[in-house]
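Report on the structure given below.
What follows draws every value from the coordinates through simple rules; no lab data is involved. Bear in mind the structure is a predicted one, so any value in this text is a computation, not a measurement. Positions of Cβ are generated from backbone atoms using ideal geometry, with glycine treated the same way; all protein chains shown enter the neighbour counts.
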Amino acid sequence: MRGFEKSEEHLMREQIFRRIYEESGDPAYHLPHSHEYYTSYIQQFTYYHPQKITLHRDLNLLDENRVFRTDVDTVFYHHMAWFPPVWHTTDFFVVQVVVEGEMKLYIANQELHLTRGSICIVVPDSRHALSCFSDSCILCVCIRRSTFERAFFSTLQEENSILADFFSKTLYGTNPHPFLLFQCGWDPMLMDILRAAREESFGRRSYHNHMLNSLMDLFFVSLLRYHEKDLKVSENSNIRQSENLIYILKYMQEHYTTVTLKELAAFFNYSERQVQRILKQSTGAGFMENIQIMKMKEAARLLSESRYPVSKIAVDLGYNNLGNFRKIFRKTYGKSPAEYRRGQEKGDDVHYM
């Protein structure tokens, strides 16, 4: 835990709340409580305790103005172990990292079990509660919504892949599980980045906020590059994702110019109908729609960044009928491939789907 040590004051507070927990006699103490429970019981206790404890006076909604100084975009703090879980929301992103031990996160009618190395990104305005009743070390990284969108969402857009689309829909769409949970185990590289970022957050050196944001950029890019396969999707939501979902999306991304539904189903030992259902429920589109989306995105990129003839781009993407390729491209982007290329040469914005 070197680099993630808790302060003496924090450890003192945890011992106080451990005694409160042990003396409460409440068998449901470890389960999420309403805000009223917090105000009527926990705050009342602190008034009588000889050692003053400063706590938020309103855990129901934590907004950026309460958490962030005007000159910083990222804040690090340790979750208070032995503190009763209280339902609350934030208007910023929170990244929960289990440095040591374990915890439970209650969110979207689910109970998530996080162990050492687990990383969970919680979306703003998501009602959730943290339960940690052991000597664990849980690092909470609060990131302004605007900063997260620049660091994480822009990275997804640049990647321009079906996995990026899936992540984006999870974080910004209407999916009933507004979080991304990476059960990636202990990754020394990711933890070293977090150590450096946390250390930077305590300093006031020149370019402090720029350096901190750069380190968090590196953290998210590394998380996506090395741990896409470790993403755990919801098992209790209405979406009912398959454990193989990430591998299915990755396989499609790598073989989209040639793969067929029959081949994809056989590779993962599913029926074609099962694959269609999994894709529809997770991405909002069926097999052919997803393939077409990927092909059109690649066509737009090639038209913008290369001088390949339109006919070659069409053939390379699996369209033997040039007229059909042009028809689909026009339907997607509102202009022909040639018109699109001319627009990019004039400096028009590229609008990927």
Give me the number: length gained by fully extending residue 327 to residue 199, i.e. 0.36 nm times residue separation minus the C-alpha to C-alpha distance, one decimal in nm.
40.6 nm
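Using a Förster radius of 51 Å, what is the FRET efficiency between residue 316 and residue 72 based on their Cβ-Cβ separation? Nearest 0.05, please. Don't skip to the end; give the middle numbers.
Numbers: r = 47 Å, r/R0 = 0.92.
Once the sixth-power term is evaluated, E becomes 0.65.
Tally Lys/Arg at +1 and Asp/Glu at -1 over every other residue whose Cβ is under 14 Å from the Cβ of residue 105; what's the total? Intermediate results must be reported in sequence, preceding the final value.
Working: positive: 104, 127, 232; negative: 102, 111.
Net charge in that neighbourhood comes out at +1.
Can you tally the net charge around residue 272? Count Lys and Arg as +1, Asp and Glu as -1, for every other residue whose Cβ sits under 11 Å from the Cβ of residue 272.
Working: positive: 262, 273, 277; negative: 263.
Computed value for this residue: +2.
For a footprinting-style exposure proxy, rank 79, 35 by other Cβ within 10 Å, fewest first.
Working: 79 19, 35 14.
Final ranking by Cβ density, sparse to dense: 35, 79.
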Ranked list, fewest to most other Cβ atoms within 10 Å of each Cβ, for 163, 249, 31:
31, 163, 249
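Where does each of 89, 74 land when they are ranked from fewest to most other beta-carbon atoms within 10 angstrom? Each step should come with its number before you reach the end.
On the way: 89 16, 74 24.
Exposure proxy ranking, most exposed first: 89, 74.
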Long pairs among 6/232; 262/295; 232/262; 229/331, criterion Cα-Cα beyond 23 Å
6/232; 232/262; 229/331
